[in-house]
Structure formats: structure tokens, C-alpha cells
Amino acid sequence: MLDQAEKAYCLALLALKDKDYPAAFDHFDGAAPHFKDNLEFNLLRQTTELLLAVKKERTKLDGEDVIELEEVLPYGEEKEFR
């Protein structure tokens, strides 16, 4: 059975999948004390925080909060996200 921090981490990953970045960041914050030494967790959390900051600035500058992301996978596969 998962503890609260593990559940929060899973919910953060699901929110990222659904492109609900504010919810993902909130869940990452809830799990942060438990996963503070986990490099993957910290990378995901900090990337989500950076994405939210960029979206906030874009909204202030031009009213546009849509950011097109391109995920580059190993072996040259690419996926585009909105």
C-alpha cells in the first residue's frame, strides 16, 4: 500500500500526463519532504515549477499561456505537446 507521499507523487505524474501543471506542482509539493533526495523527483518538480513560471510570464506579456513542448526521446523519436 502506498503512503501519502507516494500517492502525491503518483498524482503529480498523472497531472503531468493530463497537462494540469498547477495540480502537478501542488502534488509534488506534498511529496517533496519524502522524496527530497530522489534526483528524478527533483528534476520533475523543478521542471514543472519552471514551466509554470514561463506560462505566468507569457500570460503577463501577451495574454498567451499555451506553450508548445517537444519531447525528445532516446533513439531520435519525437513527440509534440501543447
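Here are some notes:
- Scope region 16-28; condition of a type in the set (D, E, K, R) and modelled with pLDDT under 95; matching residues: 17, 18, 19, 20
- Filtered residue count, region 30-53, keeping only those that are without any contact (Cβ under 8 Å) to a residue 12 or more places away in the chain and either crowded, with 17+ Cβ neighbours inside 10 Å or part of a helix (DSSP H, G or I) (or both): 8
- Each residue in region 16-57 was checked for being within 8 Å of the chain's Cα centre (by Cα) and of a type in the set (A, V, I, L, M), and 4 of them qualify.
- Cβ-Cβ under 8 Å pairs, at least 6 apart or on other chains, region 18-29 side free of Cβ contacts under 8 Å to residues at least 40 places away in the same chain, far side of a type in the set (Val, Ile, Thr): 21/48; 24/48; 25/48; 28/48
- Odd one out for residue 65, checked against (1) in a loop (DSSP other than H, G, I, E, B); (2) modelled with pLDDT of 80 or more; (3) surrounded by 10 or more Cβ atoms within 10 Å (Cβ to Cβ): (2)
The values are calculated or read from the model by the stated rules, or taken from the named source; none is laboratory data. Every value quoted in this text rests on a predicted model; they were computed, and no experiment measured them. Neighbour counts are summed over all protein chains in view; Cβ atoms, including those assigned to glycine, are modelled from backbone coordinates with ideal geometry.
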